[in-house]
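J.: This is the structure I have questions about; it appears just below.
The values are calculated or read from the model by the stated rules, or taken from the named source; none is laboratory data. These numbers were taken from a predicted model, which means no experiment stands behind them. Using ideal geometry, Cβ is built from the backbone for each residue, glycine included, and neighbour counts are taken over all protein chains shown. To get the accessible areas, we keep the full protein, side chains included, count just its heavy atoms, and leave off ligands, DNA and RNA. Shrake-Rupley method; radii C 1.70, N 1.55, O 1.52, S 1.80 Å.
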Amino acid sequence: MARKTAADVHLELAVHEKECSERWKTAFKNFDELDSDVKDIRNKIDASTKATLGLLGVLITSIITLILRGYVS
């Protein structure tokens, strides 16, 4: 097997850098999609938390109102 020269290593490195560059472009595109999905999920969780707290507040208010009406009448 012939010994590698600096030109051979340089050529292999150039090919490697080009391949890695393409892979990183694909990876960053996927990362952007993941960030978008995570933001959507976070917004849905926040909205459902607010809805749950609102419902809980209404239920507690209704129970207190029923109890107070029972004592007042």
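J.: Search segment 37-73 for residues being surrounded by 10 or more Cβ atoms within 10 Å (Cβ to Cβ) and small (Gly, Ala, Ser), and hand back the single one that is farthest from the chain's Cα centre (by Cα).
T.: Ser62
J.: Find all pairs meeting these conditions: Cβ atoms under 9 angstrom apart; at least six residues apart or on different chains; first residue within segment 1-24 and open to solvent by 100 Å² or more (accessible area, probe 1.4 Å); second residue acidic (Asp, Glu).
T.: Final answer for the pair search is Lys4/Glu12.
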